[in-house]
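The values are calculated or read from the model by the stated rules, or taken from the named source; none is laboratory data. Here the structure is a predicted model, which is why all the values come from computation and not from measurement. A quick note on method: Cβ atoms are made from the backbone with ideal geometry, for glycine too, and the neighbour counts reach across all protein chains shown.
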């Protein structure tokens, strides 16, 4: 599934931001918060959980290390 990095989304407990920013922010959260990070897309039923966020960060080269 393709994601638009400019799409406005909600990162739980962090507010509304662009998808690229939400993914980047989720990746730098403290470990205990990171595992419960969720991105909610307007009009989409299933939120993006951390495993999907991690995959998207790698795809967009937002992960400086593995």
Any idea which residue in the stretch 24-34 is surrounded by the most Cβ atoms within 10 Å (Cβ to Cβ), counting only those that are part of a helix (DSSP H, G or I) and over 11 Å from the mean Cα position of the chain (by Cα)? 33
Which of the following residues is surrounded by fewer than 13 Cβ atoms within 10 Å (Cβ to Cβ), outside any strand (DSSP E or B) and in contact with a helix residue (DSSP H, G or I) (Cβ under 7 Å, 6 or more places away or on another chain): 4, 51? 4
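Table: residues versus (1) touching a strand residue (DSSP E or B) at 6+ places or on another chain (Cβ under 9 Å); (2) assigned to a loop (DSSP other than H, G, I, E, B); (3) at pLDDT below 90; (4) on the phi < 0 side of the Ramachandran plot.
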site	(1), (2), (3), (4)
9	yes, no, no, yes
22	yes, no, no, yes
36	no, yes, no, yes
45	no, yes, yes, yes
56	yes, no, no, yes
Are any residues in the stretch 11-20 in contact with a strand residue (DSSP E or B) (Cβ under 6 Å, 6 or more places away or on another chain), loosely packed, with under 14 Cβ neighbours inside 10 Å and either in a loop (DSSP other than H, G, I, E, B) or in contact (Cβ under 8 Å) with a residue 24 or more places away in the chain (or both), and if so, which ones? none
Show the residue pairs that are 6+ apart or on different chains and have beta-carbon atoms under 7 Å apart, the first residue being within the stretch 45-62 and closer than 15 Å to residue 34 by Cα, the second being exposed (fewer than 14 other Cβ atoms within 10 Å of the Cβ). 50/35
